[in-house]
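The values are calculated or read from the model by the stated rules, or taken from the named source; none is laboratory data. Here the structure is a predicted model, which is why all the values come from computation and not from measurement. Quick reminder, even Gly has a Cβ in these numbers, built from the backbone with ideal geometry, and neighbours come from all protein chains shown.
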(Lines give C-alpha, C1' and ligand atoms only; values in the text may rest on other atoms or scores of the structure.)
Protein backbone atom coordinates (compact mmCIF):
# COMPACT_ATOMS: atom_id res chain seq x y z
CA UNK A 1 0.00 0.00 0.00
CA UNK A 2 1.65 3.28 -1.06
CA UNK A 3 1.90 6.12 1.44
CA UNK A 4 -0.86 8.59 0.82
CA UNK A 5 -0.37 12.28 1.40
CA UNK A 6 -3.41 13.99 2.76
CA UNK A 7 -4.39 17.18 0.96
CA UNK A 8 -3.72 20.31 3.01
CA UNK A 9 -6.59 21.32 5.23
CA UNK A 10 -8.13 24.67 4.41
CA UNK A 11 -7.17 27.38 6.86
CA UNK A 12 -9.91 28.38 9.24
CA UNK A 13 -11.30 31.83 8.63
CA UNK A 14 -10.40 34.30 11.36
CA UNK A 15 -13.22 35.04 13.76
CA UNK A 16 -12.39 38.75 13.70
CA UNK A 17 -11.10 41.01 10.98
CA UNK A 18 -8.13 43.23 11.82
CA UNK A 19 -10.29 46.31 11.24
CA UNK A 20 -12.95 45.41 13.80
CA UNK A 21 -12.99 47.78 16.77
CA UNK A 22 -13.91 45.83 19.91
CA UNK A 23 -13.69 48.76 22.35
CA UNK A 24 -17.45 49.03 23.05
CA UNK A 25 -17.73 45.28 23.65
CA UNK A 26 -14.65 45.29 25.91
CA UNK A 27 -16.14 48.12 28.00
CA UNK A 28 -19.31 46.05 28.48
CA UNK A 29 -17.37 42.84 29.22
CA UNK A 30 -14.71 43.82 31.77
CA UNK A 31 -15.42 43.50 35.47
CA UNK A 32 -16.38 46.69 37.24
CA UNK A 33 -17.93 47.85 40.48
CA UNK A 34 -21.56 49.07 40.36
CA UNK A 35 -20.48 52.69 40.86
CA UNK A 36 -17.84 52.53 38.09
CA UNK A 37 -18.09 53.17 34.39
CA UNK A 38 -15.52 52.02 31.85
CA UNK A 39 -14.25 53.77 28.75
CA UNK A 40 -12.14 51.90 26.24
CA UNK A 41 -10.23 53.20 23.21
CA UNK A 42 -8.54 51.28 20.44
CA UNK A 43 -4.81 52.02 20.23
CA UNK A 44 -3.69 49.60 17.51
CA UNK A 45 -5.07 46.55 15.73
CA UNK A 46 -5.83 44.49 18.86
CA UNK A 47 -4.55 46.73 21.68
CA UNK A 48 -6.83 48.88 23.78
CA UNK A 49 -6.57 51.37 26.65
CA UNK A 50 -9.36 51.07 29.23
CA UNK A 51 -10.08 53.44 32.11
CA UNK A 52 -12.35 52.69 35.05
CA UNK A 53 -14.05 55.86 36.30
CA UNK A 54 -15.36 56.09 39.85
CA UNK A 55 -17.04 58.88 41.81
CA UNK A 56 -14.61 60.99 43.76
CA UNK A 57 -15.00 61.24 47.51
CA UNK A 58 -16.98 64.44 48.15
CA UNK A 59 -16.13 64.77 51.86
CA UNK A 60 -13.59 67.50 51.08
CA UNK A 61 -16.10 69.63 49.18
CA UNK A 62 -17.42 72.78 50.80
CA UNK A 63 -20.90 71.42 50.03
CA UNK A 64 -20.65 67.59 50.09
CA UNK A 65 -24.38 67.21 49.49
CA UNK A 66 -23.98 68.75 46.03
CA UNK A 67 -24.68 65.85 43.69
CA UNK A 68 -24.93 67.64 40.36
CA UNK A 69 -23.30 66.44 37.17
CA UNK A 70 -19.85 67.89 37.63
CA UNK A 71 -16.94 66.75 35.53
CA UNK A 72 -14.67 66.78 38.58
CA UNK A 73 -16.76 64.28 40.54
CA UNK A 74 -15.34 61.25 38.67
CA UNK A 75 -11.72 60.18 38.57
CA UNK A 76 -9.87 57.36 36.86
CA UNK A 77 -9.62 54.67 39.52
CA UNK A 78 -7.87 52.09 37.32
CA UNK A 79 -6.27 52.10 33.88
CA UNK A 80 -5.14 49.10 31.84
CA UNK A 81 -3.65 48.33 28.44
CA UNK A 82 -5.37 45.24 27.06
CA UNK A 83 -5.02 42.92 24.08
CA UNK A 84 -8.39 41.67 22.87
CA UNK A 85 -9.41 39.27 20.13
CA UNK A 86 -12.72 37.71 19.29
CA UNK A 87 -12.96 33.98 19.85
CA UNK A 88 -15.87 31.62 19.51
CA UNK A 89 -18.27 32.54 22.27
CA UNK A 90 -16.88 35.96 23.18
CA UNK A 91 -13.66 37.87 23.67
CA UNK A 92 -10.21 36.81 24.80
CA UNK A 93 -8.82 39.68 26.85
CA UNK A 94 -5.24 39.78 28.13
CA UNK A 95 -3.87 42.45 30.44
CA UNK A 96 -0.69 43.86 28.91
CA UNK A 97 0.08 46.49 31.51
CA UNK A 98 -1.38 47.05 34.93
CA UNK A 99 1.55 48.77 36.57
CA UNK A 100 0.76 51.60 38.86
CA UNK A 101 2.85 54.74 38.72
CA UNK A 102 5.28 55.02 41.64
CA UNK A 103 3.76 56.68 44.66
CA UNK A 104 5.46 59.79 45.96
CA UNK A 105 7.02 59.52 49.38
Suppose we keep only residues that are surrounded by 15 or more Cβ atoms within 10 Å (Cβ to Cβ) and at pLDDT below 80 within segment 67-105. Which one would you say is nearest to residue 51 (Cα to Cα)? 74
With respect to the numbered conditions (1) at pLDDT below 90; (2) in contact with a helix residue (DSSP H, G or I) (Cβ under 9 Å, 6 or more places away or on another chain), which one is the sole condition not fulfilled by residue 5? (2)
Residue that is surrounded by the fewest Cβ atoms within 10 Å (Cβ to Cβ) [pool: residues in segment 41-53 that are assigned to a strand (DSSP E or B) and free of Cβ contacts under 8 Å to residues at least 24 places away in the same chain]: 41
